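A.B. asks: Shown below is the structure under consideration.
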């Protein structure tokens, strides 16, 4: 065992993350890869040491189990539970990215944000 907690992504988080990568890729493939790998690297760190990031102050009635980090203006929130971590995202999306997220069919996305 490498010290990582079990991590699970919400469907909405997967959709938003992939749409953000696709949106960036329209301008720059290298930028999209940098963004994708940077966010996934932070998630890997949070999975190993979830306590390293602060409590999510935007979450009402946070009992301390909701935490977050921000990288490249992209906010990832997660909940630490005894059996693992659940990830979600919340970003200050541009209107163009919001339209892209809403226009893509849920059937387009698979269960893993890494592919």
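A.B. asks: Residue 8 to residue 58: FRET efficiency via 1/(1 + (r/R0)^6), r the Cβ-Cβ distance, R0 22 Å, to the nearest 0.05?
C.D. replies: FRET efficiency, residue 8 to residue 58: 0.60.
A.B. asks: Simple spin-label model, 7 Å along Cα-to-Cβ: residue 27 to residue 81 in nm?
C.D. replies: Modelled inter-label distance: 3.6 nm.
A.B. asks: Here's another thing I want to ask about it. How do the peptides 23-29, 43-49, 74-80 rank, highest first, by the average count of neighbouring beta carbon atoms within 10 Å per residue?
C.D. replies: The most tightly packed comes first, giving 74-80, 43-49, 23-29.
A short reminder: the numbers here are calculations on the coordinates, not readings from a lab. From a predicted model like this one, the values you see are computed outputs, not experimental measurements. For neighbour counting, all protein chains shown are included, and Cβ atoms are generated from backbone atoms with ideal geometry for every residue, glycine included.
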